[in-house]
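These notes concern the structure reproduced below.
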Amino acid sequence: MAEIIKFTVSKEHDGTKAGRYLRTVCRLSARTLAQLKRTENGLTINGQLLRSIDNVYAGDVIEMRLKSEENSITPVEGELDILYEDGYILIVNKPAGMPVHPVKKHQLDTLANIVSYRYMNSGSDFLFRAANRLDSDTSGAVIIARDRHTASLLQGADIEKHYIAVCHGKIAEKGTVDSPIALKPDSKIVRHISENGKPAVTHYEPIVSLNDATVIDLHLETGRTHQIRCHMSSIGHPLFGDDLYGGSIELIPRQALHCHEISFIHPILNTKIDIKADVPKDIAELIDILSEGDLP
């Protein structure tokens, strides 16, 4: 079986040469086009072989058949909080405690397992490809490409992500942390600020002032592992629930961090996608407790 990607020609492109349509609308690279030409029935229109010199007309259905890649993820039935879905992209609100990809200790309870089950009988091969990643205990919006071509386009896309977090201490003004991050020499997990690390830039802005705490909005210029957690701890404001970086777990057992908004231009449909993921119950309850001023 192969990955099947479909495009329906719109009125706007009625009568366009197929080669132009495939390059400008479908955004196929020369390499991909060459691969499709070498694949039996790799490129068809309304069930017939499509050549670059042919014209395409409104309503025509173009199908690409890409050779399948090996999939080692086991489909597992489970619930998904779907924020957006079309033929190319799925966006879900990932709960805290769920890894995005299978790891040694989590082989059957990840987002990849559940999404793979959803598309198991879609009529084409499905390989899980997340365009953004969240730590297991970070909740929020995750973009999944439904095919290889969309995944490759999303790799170079300008995806703006906003996070909401609850951190220790008062933050009165917005600011930026521009400090390189590296893995600590004595750890396989913990990051720290190091001049020998990779560049990392985090912008933060206070939203709500609480009892010796602040709800902040953050967006990143880079996407380093544990970037928000490491950066906020480095300026004396670790996240609640993040004991790895100095935060207290007394009121919440996981880092109070949630990807609450994600926006980008759809790589195929060329429309603006702006998706919001509601703040989860545990973070909302934490904010309520810290608002009251009577800490246990």
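What follows is calculated from the coordinates using simple rules that are stated; it is not laboratory data. These numbers were taken from a predicted model, which means no experiment stands behind them. Positions of Cβ are generated from backbone atoms using ideal geometry, with glycine treated the same way; all protein chains shown enter the neighbour counts.
The table below lists the values:
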read-out: Per-pair calculated FRET efficiency, R0 = 51 Å: S10 and K198 via Cβ, rounded to 0.05; value: 0.75
read-out: Mean Cα-pair separation over length for the range 140-296, i.e. relative contact order, pairs under 8 Å, 6 or more apart, %; value: 26
read-out: Gained length - R51 relative to D274, 0.36 nm times residue gap less alpha-carbon distance; value: 76.7 nm
read-out: In degrees, nearest ten, helix 281-292 long axis to first principal axis of the chain (Cα); value: 30
read-out: Karplus (6.51, -1.76, 1.60) ³J(HN,Hα), θ = phi - 60°, over the range 128-135, in Hz, Gly and Pro reported as x; value: 5, 9, 8, 7, 9, 10, 10, 4
read-out: Ellipticity estimate at 222 nm from DSSP helix runs (n ≥ 4, -39,500 (n - 2.57)) divided over the chain, nearest 500; value: -5000 deg cm²/dmol
read-out: For the chain, built as a Gaussian network whose Cα springs stay under 10 Å, the top-fluctuating residue of V103, V201, V166; value: V103
read-out: GluC sites (Glu not before Pro) restricted to the range 149-258 and DSSP loop, no more than 14 other C-beta within 10 Å; value: E173, E195, E221, E250
read-out: Total charge dipole magnitude, the chain, about the Cα centre, Cβ charges on Lys, Arg, Asp, Glu only, Debye to nearest 20; value: 1660
read-out: Label-point gap, in nm, between D81 and E40 - each point 7 angstrom along Cα→Cβ; value: 4.6
read-out: Residue range of the chain that is longest and free of trypsin sites (Lys or Arg not before Pro) which are both DSSP loop and sparsely packed (at most 12 other C-beta within 10 Å); value: 189-296
read-out: Whole-Hz couplings from phi, Karplus 6.51/-1.76/1.60, listed for the range 143-158; x for Gly and Pro; value: 9, 10, 7, 8, 7, 5, 5, 4, 4, 5, 6, 5, 4, x, 7, 8
read-out: Vicinal HN-Hα couplings computed from phi for the range 272-280 (Karplus, 6.51 cos²θ - 1.76 cosθ + 1.60; Hz; Gly/Pro x); value: 7, 10, 10, 10, 10, 10, 4, 5, x
read-out: Sequence-separation-based contact order of the chain, relative, with Cα cut under 8 Å and 6+ spacing, percent; value: 15
read-out: Reachable lysines, given that their alpha-carbon falls under 23 Å from the alpha-carbon of K17 and they are not under 8 places away in the same chain; value: K6, K37
read-out: Neighbour cut-off at most 15 other Cβ (10 Å), DSSP loop, GluC sites (Glu not before Pro), the range 1-85; value: E40, E69, E70, E77, E79
read-out: Estimated dipole of the range 40-138 in Debye, rounded to 20 [Cβ of Lys and Arg +1, of Asp and Glu -1, Cα centre]; value: 280
read-out: Selection from Q48, G169, N270, by position along the positive dipole direction of the chain (Cβ); value: Q48
read-out: Modelled FRET efficiency - R0 25 Å, T225 with A172, Cβ distances, 0.05 increments; value: 0.30
